[in-house]
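Scroll down for the structure; my scribbles are underneath it.
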Amino acid sequence: MNPHYPLVAQRAAHHCEYCRAPEALFNFPFEVEHIIPPIHGGLDQDSNWALSCRSCNLHKSVHIDSIDPETRTTVRLFHPRESRWADHFKVETNTTNILGLTATGRATVARLQMNSPAQLVARRQWLRLRLFPI
């Protein structure tokens with residue numbers, strides 16, 4: 001296990017810092033990922049670590065930016081240490097879709113595939129069980 005996991009998981013309240021998946025329902029710990037990967041000059045320090053579910057971590061990979069589907073411009077992906085989640089995203093409770101409120105939010109939702117069919121099914125259950133923070 002990543003030696004930084006306890007600090008990062010506690011700070012994130014054991015939820016993915018991107019899609020907000022609740023770690024408690026998974027049979028393995030979430031991953032400590034570099035918000036800005038070392039390949040792009042990111043440092044291995046607290047301010048550059050985020051707790052990420054496997055799905056978000058795989059889709060984010062080494063990306064730091066992506067295309068906003070609305071404006072077709074390249075924008076920086078959501079940075080959990082520098083921005084508030086609620087400033088960039090909201091959850092539609094009737095559909096469980098995560099909506100991007102900004103170019104950064106929309107690009108992050110698209111790049112991380114936050115509204116894939118599997119994510120939507122899971123999110124409905126998390127909401128039903130009151131394990132998903134809205």
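Some values worked out for this structure:
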{"read-out": "Among (1) 32, 16, 14; (2) 29, 19, 14; (3) 21, 20, 12, the entry that matches semi-axes √(5λ) of the Cα gyration tensor in Å as calculated here", "value": "(3)"}
{"read-out": "Length gained when the stretch LEU131-LYS90 is fully extended (0.36 nm per residue, less Cα-Cα span)", "value": "13.2 nm"}
{"read-out": "Expected 222 nm ellipticity per residue - DSSP helices of 4 or more, -39500 (n - 2.57), all of the chain, to 500", "value": "-7500 deg cm²/dmol"}
{"read-out": "Full-extension gain in nm, SER47 to PHE28, via 0.36 nm per residue minus C-alpha separation", "value": "4.5 nm"}
{"read-out": "Using a Förster distance of 22 Å, the FRET efficiency for THR74-THR102 (Cβ separation, nearest 0.05)", "value": "0.95"}
{"read-out": "Alpha-carbon centroid distance for the pair the range 15-70 / the range 73-134, whole angstrom", "value": "13 Å"}
{"read-out": "HN-Hα J in Hz across the range 36-53 - Karplus 6.51, -1.76, 1.60, θ = phi - 60°, x for Gly and Pro", "value": "9, x, x, 4, 9, x, x, 8, 8, 8, 3, 6, 10, 10, 9, 8, 9, 5"}
{"read-out": "Amide H within-cut-off set for HIS15, under 5 Å, with H built and near neighbours excluded", "value": "GLU23"}
{"read-out": "Rounded to whole Hz, the Karplus (6.51, -1.76, 1.60) HN-Hα couplings of the range 82-99, x for glycine and proline", "value": "10, 9, 8, 4, 5, 6, 10, 9, 8, 9, 7, 5, 6, 10, 6, 5, 8, 9"}
{"read-out": "Per residue value of the accessible surface for the chain (all protein chains in place, 1.4 Å probe), Å²", "value": "54 Å²"}
{"read-out": "In order through the range 15-32: 3J(HN,Hα) via Karplus (6.51 cos²θ - 1.76 cosθ + 1.60), integer Hz, x for Gly, Pro", "value": "10, 4, 7, 9, 9, 6, 4, x, 4, 4, 8, 9, 8, 7, x, 5, 9, 8"}
{"read-out": "Built amide H within the under 5 Å cut-off of PHE89, gap 5+", "value": "LEU101"}
{"read-out": "Cβ-Cβ FRET estimate between HIS40 and ARG11, R0 fixed at 30 Å, reported to 0.05", "value": "0.85"}
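The values are calculated or read from the model by the stated rules, or taken from the named source; none is laboratory data. Computed from a predicted model, the values in this text were never measured in an experiment. So basically every Cβ, Gly included, is an ideal-geometry build from the backbone, and we count neighbours across all protein chains shown. Note: areas computed on protein heavy atoms with side chains; ligands, DNA, RNA excluded. Shrake-Rupley method; radii C 1.70, N 1.55, O 1.52, S 1.80 Å.
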